[in-house]
Amino acid sequence: MGRVLAIDYGQKRCGIAVTDILKISANGLPTQSTPKLLDFLKEYCASEDVECIIVGYPRTLSGEDSDSMRYIRPFMGRLRKAFPEKRIEMSDERFTSSIAHREMIAGGFTRSQRREKGRADEMAAVIILTDWLQAHC
């Protein structure tokens, strides 16, 4: 039984979250710069049993693909090539950034802590993964 890993893909950096082995909870991993993401994933998957990778699917309010998909589509191709044996899915990520900011405020993060982009990206990945877990487990 493997873990599920989620990615909040961005042009500069990517938030990452992973489940525990029982797929009960989602926990953030260190945010990675986008150019180093694939190397990080290869290293992580070599040391941990990851059965599925979820990538946030950015859509507009009307359900259309957002402009970010022009960066995500090529990444998805590289991801599938690097991990042909793993299940790779996309999951709707609408509102995850705004939810992440609200959660940081509720969690008592200071204004300067909330401005740290890596924190919001990590939290967005946790939200993507939590939503996926609720829908699939």
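The values are calculated or read from the model by the stated rules, or taken from the named source; none is laboratory data. Because the structure is predicted, anything quoted here is derived from the model rather than measured. No Cβ is skipped: glycine too gets one built from the backbone with ideal geometry, and neighbour counts run over all protein chains shown. Please note that ligands, DNA and RNA were not included when accessible areas were found on the heavy atoms of the full protein model with its side chains. Shrake-Rupley method; radii C 1.70, N 1.55, O 1.52, S 1.80 Å.
The residues in the stretch 33-50 that are more than 14 Å from the chain's Cα centre (by Cα) and loosely packed, with under 15 Cβ neighbours inside 10 Å can be counted, and the count is 9. A count restricted to the stretch 6-32 and to residues that are open to solvent by less than 50 Å² (accessible area, probe 1.4 Å) and over 12 Å from Leu79 (Cβ atoms) stands at 16. For the stretch 91-111, the candidate set comprises residues that are closer than 16 Å to Asp65 by Cα and at pLDDT 75 or above; within that set, the residue that is surrounded by the most Cβ atoms within 10 Å (Cβ to Cβ) is Glu93.
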